[in-house]
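All remarks here apply to the structure that follows.
Derivation of every value follows stated rules applied to the coordinates shown; laboratory data play no part. Every value quoted in this text rests on a predicted model; they were computed, and no experiment measured them. A quick note on method: Cβ atoms are made from the backbone with ideal geometry, for glycine too, and the neighbour counts reach across all protein chains shown.
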Amino acid sequence: MIEIQDLVIAFEVPGMGRCSIMDGISLRVEPGEWVSVLGPSGCGKSTLLRMIAGLERPDSGKVLIRGQVVGPSHWKRGDIGFVFQDGGLIDELTVGKTFPYP
């Protein structure tokens, strides 16, 4: 189960200050349930998915998978998969760091 509790995220917008793109989003997705995230360009769909995947942290609120706050352990167990919209390389990861030679 994926649970999103009171998620808030804001960005600095030149000339406007800090603007909230998500304010108190809550959602519960049960095992086997399918959910689509729809909305216009720039409304926060990719940001929401990046937070569910643990790639970004919300300003407040929680993303839980099976009752645990999302973190690297979910990646290692295969609980989370993510297909990047654009380039998918993570600069700080290397094969050597991810799979150290014994």
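Could you compute the FRET efficiency for TRP34 and GLU56, with r as their C-beta to C-beta distance and R0 at 30 Å, rounded to 0.05? Working shown, then result.
Details: r = 23 Å, r/R0 = 0.77.
Calculated transfer efficiency: 0.85.
Using the beta-carbon distance between ARG66 and VAL13 and R0 = 41 Å, what value does 1/(1 + (r/R0)^6) give for FRET efficiency, to the nearest 0.05?
For ARG66 and VAL13, the calculated efficiency is 0.70.
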Seminar exercise, completed: Protection proxy (average C-beta count within 10 Å per residue), highest first, orders 23-29, 38-44, 6-12 as 6-12, 23-29, 38-44
